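Everything on this sheet refers to the single structure shown next.
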Amino acid sequence: MKNVFMDTAKLMSRGQVTIPKRIRDLLNLENGDYVTFVVNKDRVEIHNSNVLSKKTLRNKGGEMTI
């Protein structure tokens, strides 16, 4: 079963937000890492770019699956 929770961050004037610590921990994000935003209609997912690229490379059909 997936861990499901919500967290909130404030959008700053330059469009920046701080990813909350427990989300950084869950995604194994460290200083300098990249994140990928996947937008699907009214939903946005944040992924650790390194992990997402590995998943994409394993997909043999050429389409991104998340």
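The values are calculated or read from the model by the stated rules, or taken from the named source; none is laboratory data. Everything numeric in this text was worked out from a predicted model, so none of it was measured. All Cβ positions, even for glycine, are placed from backbone atoms using ideal geometry, and neighbour counts span all protein chains on display.
Remarks
- In the stretch 21-38, the residues that are surrounded by fewer than 11 Cβ atoms within 10 Å (Cβ to Cβ) and part of a loop (DSSP other than H, G, I, E, B): Asn28, Glu30, Asn31, Gly32
- Residue match in the stretch 47-54 (condition: modelled with pLDDT under 95, loosely packed, with under 11 Cβ neighbours inside 10 Å and part of a helix (DSSP H, G or I)): yes
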